[in-house]
């Protein structure tokens, strides 16, 4: 006998009920508070049901479900499933009676769970952790990009000739070492060449003394103006960027460690690394939420926009981009790596390019094709998958 626990989540209190696989109600909907005593009252109510035969489901509503999820899944090892509120709402609308209360919602969630349970087990905890980590990594990357844009805008005031001199690469150690010490043309102009050389390339010696002399001459003829405040701003930008880079390294290390625990079969795809696979899994969460690969494509916003009216049908279509941005980013990023490491995907990419499609457009098609592989692998984890 399998028991399904439906929980309607709210900010200060929740409502739970228990159904069996035949739809019989074993515990009528009851309210419990969103605190430790309330959580323990739920555990006491569920104690009469075998834990291995109990599945708990609740809608993913903002962040209010997360404390309860961790309490049940990590601390008490219950199998928990997050339900898409849009899907459960449609399931609820099948009822002829137009009633919506917390108690009715709890019963509806339990009923939905009994029809749609995927039994994904305790991987939920790891997927949830990956979701946080991938989101953090993405935000850190965006912050880093924004800082480099601000850095360029500031350098354009105090030493506009520097970025072209560095071959438009402000991300190198050479650029960082220089700007942390001398961030304006006036500062570089006043420093000795040997000092400049030792600061810029202290260990690797990738920057020659001749280049240091060239830089000093460039600073002497620069049209940039000196500003103490902008000099400090540039130094602060570099320190912030390096801090963010260390945070990204720390986050990526955690992602790899969780992915090794998860042992996902996605890693067998040529060119698919731990970070890309983590992004994909953290957003998809459970592949059984999707009936077909095309629904994953639509969820990622990789599906084409359709423009048709009367006798008119658009000759070209663009990517809809109406889905999950993080998943779309991860799939296109992964598709680029896979086409570099897989003969099959590379041939497909080249075919699209030969049809006149741009690099990014061709990668969009590769990403959609990649979804087919991902859908098959996640639905058949025990089957061997080979992509040449």
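Bear in mind that the values in this text are calculations on the coordinates, not laboratory data. Not measured: the values here are computed from a predicted model. All Cβ positions, glycine included, derive from the backbone under ideal geometry; neighbour counts span all protein chains shown.
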Given springs between every Cα pair under 10 Å in a Gaussian network model of the chain, which of 280, 234, 255 has the largest fluctuation? 234
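So, R0 is 35 Å and r is the distance between the beta-carbons of residue 51 and residue 384; what FRET efficiency does that work out to, to 0.05?
On the way: r = 34 Å, r/R0 = 0.96.
Working from the Cβ atoms, E equals 0.55.
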Modelled label-to-label distance, residue 41 and residue 135, 7 Å Cα→beta-carbon offset: nm? 2.9 nm
Using only helices, what value at 222 nm comes out for the chain when you add -39,500 (n - 2.57) per DSSP H run of length 4 or more and divide by the total residues, to the nearest 500 deg cm²/dmol? -18000 deg cm²/dmol
Within the set 69, 375, 225, GNM on the chain using Cα springs under 10 Å gives the largest fluctuation to 225
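Computed over the Cα atoms of the chain, what is the convex hull's projected area averaged over all directions, in nm²? Mind dumping the intermediate values first?
Details: hull surface 111.6 nm².
For the chain, the mean projected area of the Cα convex hull comes to 27.9 nm².
Once the Cβ-Cβ distance between residue 163 and residue 344 is put in as r, and R0 is 30 Å, what FRET efficiency do you end up with, to the nearest 0.05? Before the final figure, lay out the partial values.
Values: r = 41 Å, r/R0 = 1.35.
Computed FRET efficiency for residue 163 and residue 344: 0.15.
Which value results for Rg/Rh of region 137-250 when Rg is the Cα radius of gyration and Rh the Kirkwood radius based on the inverse mean 1/r?
Rounded to two decimals, Rg/Rh equals 0.97.
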Measuring from label point to label point, each 7 Å out along Cα→Cβ, what is the residue 173 to residue 372 span in nm? 4.5 nm
Select from 278, 210, 175 the residue whose mean-square fluctuation is largest in a Gaussian network model of the chain (Cα-Cα springs shorter than 10 Å). 210
Taking the 0 to 90 degree range and rounding to the nearest ten, how far is the long axis of helix 123-158 tilted relative to the main principal axis of the chain, both from C-alpha atoms? 30 degrees
Please determine, in degrees from 0 to 90 and to the nearest 10, the orientation of helix 209-220 with respect to the longest principal axis defined by the Cα atoms of the chain, where the helix direction is its Cα long axis. 90 degrees
Can you give me the angle between helix 36-46 and the longest principal axis of the chain, using Cα atoms only, in degrees from 0 to 90, rounded to the nearest 10? 40 degrees
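Stretch residue 149-residue 70 to full length: gain in nm at 0.36 nm per residue minus the Cα-Cα span?
Numbers: separation 79, 0.36 × 79 = 28.44 nm, distance 3.90 nm.
Gain on extension, residue 149 to residue 70, equals 24.5 nm.
Among DSSP beta bridges lying fully in the chain, give the percent that are antiparallel, nearest 5. Don't skip to the end; give the middle numbers.
Values: 15 of 25 bridges.
Restricted to the chain, the bridges split so that about 60 percent are antiparallel.
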